[in-house]
Amino acid sequence: MTINRRRFLTNFGLATLATQLQPLTVQGQLSPQTTLKPPRLHIGDIVGLVAPAGIVDAQDIETAQRSLTDLGLKVKLGKHILDRYGYLAGKDSDRAADLNAMFIDQSVKAIIAMRGGWGCNRILPLLNYTNIRSHPKILMGFSDITSLLLAINARSRVITFHGPVATSTWNQFTVDYVKRILFTGEAVRLQNPTIKEVQFSTIAPGKAKGKLVGGNLSVLSAMIGSPYLPSWNQSILFVEEIGEDVYRVDRMLTQLKNAGILNRIAGLIFGQCTNCSLGDEPNFTLMQVLQDHILPLGIPAWYGSAIGHIKDKFTLPIGVQVEINANVGTIQMLEPSVS
């Protein structure tokens, strides 16, 4: 008998999660299928800074501390935050240890990654998903941090946040969404800033509701086949990218299609493809590639949301129910993302 590989991987991941969470279910405290919302932030809270991917330096930390202090937050640094191991911010075991330690540290109320780069995929098997679920906290970042956001949402069933890293530009637009979503716990309507640099184009009109899931396209593509991805059924998928030729974006979307992901989603948002180029002639435009992949699906979709490697960026809660409107390019949260 031939076993469907996707069904096997999905069942394997859920079975592993259920096994990890057995003490909780035995005590009748909560079901492993229940998605947890982390506690909201308050002025004076301590935020843990970790470097789960690329190298950071002392100047990066100073910049991050200023940004977070301006928000009324205090900062606690990961033990290995300044480590170096080749192009990584320390050995896999040490980077994972910092993240695991921040989750069980009762003084730390949220965790923000210093930067992306590469390296988060390497530490996914080293994370303690049981402890993370037992100590749900805000975890935020983007780019390579996509791996952590998706894995923790899938394996620990905790809402995570695709938003600025500690070294991002914390300008008024970005901070406004951070405050409204993480501090006051609003179910906000996310709409692009009125600037020429961030414009949207409808790929297919319409509205759709579903669970918000996504992140960096190349990181997401590299996770396919692993047990660290959430369910895609009737989800709203958002992606973003930087520095890729259009044919590479085409290749990654094709991978998502062939993996059975695109035909299971209810809607798609392509954020910004920052510094993406057409490549050698002959070529397609990015919009032509997106239309090729999305129009046959019959789902609402648009390009150009304020998501990605840009200064003005949304904070997107992974795992919450939203309604999108591809006619005007908006994301309406249907529930708060923090408790």
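The values are calculated or read from the model by the stated rules, or taken from the named source; none is laboratory data. On a predicted model such as this, the values are computed, not experimentally measured, just so you know. Note: ideal-geometry Cβ built from the backbone for every residue, glycine included; neighbour counts use all protein chains shown. With ligands, DNA and RNA removed, areas are computed over all heavy atoms of the protein, side chains included. Shrake-Rupley method; radii C 1.70, N 1.55, O 1.52, S 1.80 Å.
Summary of values
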read-out: Residue-wise HN-Hα coupling along the stretch 72-81, computed from phi with Karplus coefficients 6.51, -1.76, 1.60 (Hz; x: Gly, Pro); value: x, 9, 9, 10, 10, 8, x, 4, 10, 5
read-out: Residues in the stretch 137-171 reached by a label modelled at TYR85 [backbone nitrogen below 13 Å; 7 Å Cα→Cβ]; value: none
read-out: Rounded to the nearest 10 Å², the accessible area of LYS91 at probe 1.4 Å; value: 110 Å²
read-out: Heavy atoms of ARG248: accessible area, 1.4 Å probe, square angstrom to 10; value: 90 Å²
read-out: Rounded, prolate or oblate (a/c below 1.5 giving rounded, otherwise prolate when a/b exceeds b/c) for the stretch 76-173 by Cα gyration tensor; value: rounded
read-out: Cys with no candidate disulfide partner in the chain (beta-carbon separation under 4.7 Å rule); value: CYS120
read-out: ASP280 accessible area, 1.4 Å probe, all protein chains in place, Å² to nearest 10; value: 140 Å²
read-out: Shape of the chain, Cα gyration tensor, a/c cut at 1.5; value: rounded
read-out: For TYR85, residues with placed amide H under 5 Å, excluding near neighbours; value: GLY90
read-out: Residue-span extension gain [GLU281 to SER339] - 0.36 nm each, minus C-alpha spacing; value: 15.7 nm
read-out: For the stretch 142-192 and the stretch 212-288, distance of Cα centres in Å; value: 19 Å
read-out: Rounded, prolate or oblate (a/c below 1.5 giving rounded, otherwise prolate when a/b exceeds b/c) for the stretch 148-291 by Cα gyration tensor; value: oblate
read-out: Using θ = phi - 60° and Karplus 6.51 cos²θ - 1.76 cosθ + 1.60, couplings along the stretch 101-114 (whole Hz; Gly, Pro as x); value: 5, 5, 5, 8, 6, 5, 7, 8, 9, 7, 10, 10, 6, 5
read-out: Hz values of 3J(HN,Hα) by residue in the stretch 140-145 - Karplus curve (6.51, -1.76, 1.60), Gly and Pro given as x; value: 9, x, 8, 6, 5, 5
read-out: Beta bridges by DSSP in the chain, antiparallel share as percent, to the nearest 5; value: 40 percent
read-out: For LYS74, distant residues with modelled amide H under 5 Å away; value: GLY44, ASP45, ILE46, VAL47
read-out: Point-charge dipole on Cβ atoms (K/R +1, D/E -1) for the chain, about Cα centre, debye to 20; value: 1080 debye
read-out: Quarter of the Cα convex hull surface for the stretch 210-308, i.e. its orientation-mean projected area (nm²); value: 5.9 nm²
read-out: Cross-link pairs beyond the 32 Å C-alpha cut-off, checked among LYS109/LYS211; LYS76/LYS207; LYS37/LYS257; LYS79/LYS311; LYS91/LYS209; value: LYS76/LYS207; LYS91/LYS209
read-out: Computed helical MRE - 222 nm, the chain, DSSP H runs ≥ 4 contributing -39500 (n - 2.57), nearest 500; value: -8500 deg cm²/dmol
read-out: Relative contact order [Cα under 8 Å, 6+ residues apart], the chain, whole percent; value: 20 percent
read-out: Top positive-direction residue, dipole computed over the stretch 184-336 with Cβ charges, set GLN288, SER305, THR330; value: THR330
read-out: Only Lys, Arg (+1) and Asp, Glu (-1) charged, at Cβ; the stretch 99-190 dipole about Cα centre in debye; value: 160 debye
read-out: Per residue value of the accessible surface for the stretch 196-263 (all protein chains in place, 1.4 Å probe), Å²; value: 42 Å²
read-out: Under-5 Å amide H pairs with THR330, H placed in peptide plane, nonlocal only; value: ASN325
read-out: Dipole of the stretch 40-97, positive end: most advanced residue of LEU41, TYR87, GLN59 [Cβ charges, Cα centre]; value: LEU41
read-out: In nm, spacing of pseudo-spin labels at ASN131 and ILE224 (7 Å Cα→C-beta vector); value: 3.4 nm
